[in-house]
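To start, the structure under review is shown below, and the notes come after it.
The values are calculated or read from the model by the stated rules, or taken from the named source; none is laboratory data. Everything numeric in this text was worked out from a predicted model, so none of it was measured. Positions of Cβ are backbone-derived with ideal geometry, glycine not excepted, and every protein chain shown enters the neighbour counts. The area values use the complete protein model at the heavy-atom level, side chains included, leaving out ligands, DNA and RNA. Shrake-Rupley method; radii C 1.70, N 1.55, O 1.52, S 1.80 Å.
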Amino acid sequence: LGYDHIITCGRYISEQLSTLLHEDSTAIPNGIDIDVFKPNADSRIENRILCLPRKNPHHINKLKQLMSSSNANIVEADGLSQNELVVEYQKSDIFAPTGYPEGYPLPPLEAMACGCTVVGFTGGGGSDYMINNKTAITSLDGDVESLAKNLKSVLDDKTTKERIRSSGLRKAKEHSLDTMESNVVKFFNKIIKSSYFFN
């Protein structure tokens, strides 16, 4: 049809395409099912920190060493079904993402939707919704010392922890499947109305 516009799953990837390949694109963030990923405050265990070791597991090992003198309980979860993962999110006080690079990581967003306070690495793509000191507490990718420091600070400061938790939950609700679908429809309606199909 002579139309070569690109859709990406997030702003970070669009910026990379522009910088590296000089390609224009439209970012339509991935959505999550907020009817599935939702809080269960009754199951939340204080100071339980959830990590997913699918990327950079060595950082989690180092984090455990750095946090050994704290009252944190660092739990790793891997190879779980979606329903099992939801339970792990809901049981956790904090989610600590350690994966990078990431085009548009869904686990931190899913964790936010399940009521976790998110403290960790954005991986690049997570910066679309992990806004430092607003919806999450972030560290530079790979800086485990900073991550440990931030985790200890949040564990000691319940006011900040709850503020980040609440704002993260609100942000996650902005990324529903319905919102993603609506943005996709708007994009293609714009294409249909444009001159690309009629020149």
- With springs only between Cα atoms under 10 Å, which of LEU21, LEU140, LEU177 fluctuates most in a Gaussian network model of the chain? LEU21
- Task: Counting helices only, and only those DSSP H runs with n ≥ 4, report the 222 nm mean residue ellipticity of the chain as the sum of -39,500 (n - 2.57) divided by its residues, in deg cm²/dmol to the nearest 500.
- Result: -12000 deg cm²/dmol
- Query: Is any residue of region 130-164 close enough, with backbone N under 13 Å, to a label point placed 7 angstrom from the Cα of GLU174 along the Cα-Cβ axis, and if so, which?
  - Reply: 130-132, 134-136
- Task: Using a 10 angstrom cutoff on alpha carbons, build the Gaussian network for the chain and name the most mobile of GLU162, GLU23, GLU110.
- Result: GLU23
- Message: In whole percent, and with a 1.4 Å probe on the protein chains, what portion of the accessible area of region 24-113 is carbon and sulfur?
- Response: 45 percent
- If you build a Gaussian network model of the chain, linking Cα atoms that sit under 10 Å apart, which residue out of ASP78, ASP143, ASP178 swings the most? ASP78
- Message: Per residue, how much accessible surface does region 52-199 expose to a 1.4 Å probe? Answer in Å², no decimals.
- Response: 49 Å²
- Message: Please return the longest range in the chain lying between exposed loop sites, taking trypsin sites (Lys or Arg not before Pro), DSSP loop only, at most 14 other beta-carbon atoms within 10 Å, and leaving the sites out.
- Response: 55-133
- The extension gain from ARG54 to THR19, computed as 0.36 nm times the residue separation minus the Cα-Cα distance, is 9.8 nm
- Task: Take the Cβ-Cβ distance between SER146 and PHE187 as r, set R0 to 35 Å, and report the resulting FRET efficiency rounded to the nearest 0.05.
- Result: 0.40
- Which percent of the Cα-Cα distances in the chain go past 29 Å? 27 percent
- Item | Exposed-loop-free span, longest in the chain, where chymotrypsin sites (Phe, Trp or Tyr not before Pro) count as exposed if DSSP calls them loop and at most 10 other C-beta atoms lie within 10 Å | 4-197
- Query: Gain in length, SER194 to HIS5, computed as 0.36 nm per residue apart minus the alpha-carbon separation, to one decimal in nm?
  - Reply: 66.8 nm
- region 89-134-region 48-69 distance, computed between alpha-carbon centres (Å): 15 Å
- Task: Please report, to two decimal places, log10 I(q)/I(0) for region 124-199 at q = 0.28 Å⁻¹ as given by the Debye formula with identical point scatterers on the Cα atoms and no solvent.
- Result: -1.23
- Note on the structure: In degrees rounded to 10, the 0-90 angle between helix 177-193 Cα long axis and the longest Cα principal axis of the chain is 20 degrees
